[in-house]
1. Order 79-92, 100-113, 175-188 from most to least packed using the mean count of other Cβ atoms within 10 Å.
2. So what is the 222 nm mean residue ellipticity for the chain from helices alone, if each DSSP H run of at least 4 adds -39500 (n - 2.57) and you divide by all residues, rounding to the nearest 500 deg cm²/dmol?
3. Classify segment 130-212 as rounded, prolate or oblate from the Cα gyration tensor: take a ≥ b ≥ c as the square roots of its eigenvalues, call it rounded if a/c is under 1.5, otherwise prolate when a/b beats b/c and oblate if not.
4. Using only Cα atoms, find the angle between the long axis of helix 131-142 and the longest principal axis of the chain, and express it within 0 to 90 degrees, rounded to the nearest 10.
5. Averaging the inverse of every distinct alpha carbon separation and then flipping it gives the Kirkwood radius. What is it for segment 94-179, in angstrom units?
6. What is the dipole size for the chain, taken about its Cα centre, with +1 at each Lys and Arg Cβ and -1 at each Asp and Glu Cβ, in debye to the nearest 20?
7. Kirkwood hydrodynamic radius, computed over distinct alpha-carbon pairs, for the chain: how many Å, to one decimal?
8. So if I place +1 on the C-beta of Lys and Arg and -1 on the C-beta of Asp and Glu, and nothing else carries charge, what would the dipole magnitude of segment 1-152 be about its Cα centre? I want it in debye, nearest 20.
Amino acid sequence: MLKGKTIVLAVTGSIAAYKIANLASMLKKLQCDVQVLMTKNATNFINPITFETLTGNKCLVDTFDRNFQYSVEHVALAKRADVVLVAPASANVIGKIANGIADDMLTTTIMACPCKKIISPAMNTNMYYNPIVQDNIAKLKRFDMEVIEPDNGYLACGDIGAGKMPSETVLLDYILREVQYDKDLAGKKVLVTAGPTREAIDPVRYITNHSTGKMGYAIARDCMLRGADVTLVSGKTSITPPPFVKVVDVVSAADMFEAVKDSYKDMDYIIKTAAVADYTPAITYDNKVKKSDDDMSIALKRTTDILKYLGEHKSDSQILVGFSMETENMIENSRTKLEKKNLDMILANNVKDEGAGFGIDTNKVTLITKDTLTPLPVMTKSEVAHTLMDTIKNLK
Ligand SMILES: Cc1cc2nc3c(=O)[nH]c(=O)nc-3n(C[C@H](O)[C@H](O)[C@H](O)COP(=O)(O)O)c2cc1C
């Protein structure tokens with residue numbers, strides 16, 4: 001929740017302006033004070049009434065509007081703001097901010113704002129790559145503003161290229177990183193593995209597991225929001241990774257092992273989610289007959305146990321956490337794994353429990369260390385991630 005925080009959304013004249021209605025609504029649900037500033041041109045793309053209805057606040061467009069709560073509203077709001085997001089940021093407004101122009105309510109308030117300013121450029125590719133725009137963006141960065149790299153994709157003008165405003169969830173993460181939590185994991189390096197691995201049977205087929213990556217991504221996101229330096233080693237998922245996280249894409253369990261081996265030494269916390277044993281196929285053919293799928297047998301060979309390797313190689317100061325997905329004897333089996341693999345903590349869950357398991361947004365886990373056993377109720381995966389990190393940071 002963001003109770004007591006004031007978030008300023010500054011909307012300019014771009015077709016992407018309509019997406020900010022959704023962002024305003026998402027923020028309002030987090031219980032913060034959402035204030036929307038618009039340029040006059042932005043009101044051609046979305047009506048201020050939309051924002052006023054969603055936020056419960058007057059949408060500010062005109063610096064000289066006398067119908068304000070405060071006599072000098074742009075200064076009052078600038079003082080109150082915890083963070084300002086300019087999204088979509090037009091080439092025009094980027095140019096104005098970079099060059100100290102304050103000729104409307106939006107640019108005047110930004111000029112008066114001492115808080116963090118995040119800018120999300122959105123425009124046609126040729127406009128975006130115009131050296132003047134690039135120069136202005138470089139200037140914003142020099143003045144400590146956070147500039148969100150636009151996505152590549154199909155643009156409203158019909159062109160394909162860079163210039164697309166990232167999704168509302170990405171914009172939200174930029175805001176949350178500024179205001180949601182104390183940076184209690186600043187300086188900590190965290191390695192998280194997530195998602196399924198794929199073992200090729202042949203160039204066409206593969207075997208895999210049911211992991212979707214949701215738990216691992218939630219942990220990576222929580223750590224990022226709390227200021228940690230996060231590396232996410234991820235199998236193929238359909239989830240957009242959180243911003244500010246270094247993502248290492250992998251396909252097979254062997255790729256995951258290599259990626260982990262390359263990076264675990266520097267880490268403070270190593271968290272291996274997706275507690276599934278991976279198997280790689282060894283194919284044999286009945287050699288009396290012509291090689292065809294009909295004659296194929298597949299034997300499964302266990303891939304390297306990454307968690308066990310980490311337990312054998314980690315230093316005393318590193319914290320290693322694993323997950324244990326059980327169908328029976330959950331606590332005993334998980335305790336055995338904790339001990340055998342030299343883990344500092346294991347999160348046990350039972351796939352048969354309601355609210356736990358693959359693909360869903362909730363989980364029901366028990367945190368197990370050598371000396372403690374903490375069953376948690378059904379929680380969202382984000383809440384599990386937060387509780388996990390609260391516990392880990394007090395372990396050593
Ligand atoms: C349909 C339409 C879409 C536009 N989309 C963008 C855009 O995505 N980015 C941009 O920088 N300008 C865009 N423009 C041009 C701006 O609206 C124009 O430069 C305007 O002066 C910007 O005003 P403002 O920066 O005060 O909001 C668009 C114009 C039109 C008519």
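Read-outs throughout are calculated quantities, based only on the coordinates presented, and are distinct from any laboratory measurement. Everything quoted here is computed from the prediction, not taken from an experiment. In this analysis, Cβ positions are derived from the backbone assuming ideal geometry, glycine residues included, and neighbour counts consider all displayed protein chains.
1. Those peptides, ordered most packed to least, come out 79-92, 100-113, 175-188.
2. The helix-only estimate for the chain comes to -9000 deg cm²/dmol at 222 nm.
3. Note, shape of segment 130-212 comes out oblate.
4. Helix 131-142 sits roughly 80 degrees off the main axis of the chain.
5. 13.8
6. Magnitude of the dipole: close to 380 debye.
7. Its Kirkwood hydrodynamic radius stands at 23.6 Å.
8. Rounded to the nearest 20 debye, it is 340 debye.
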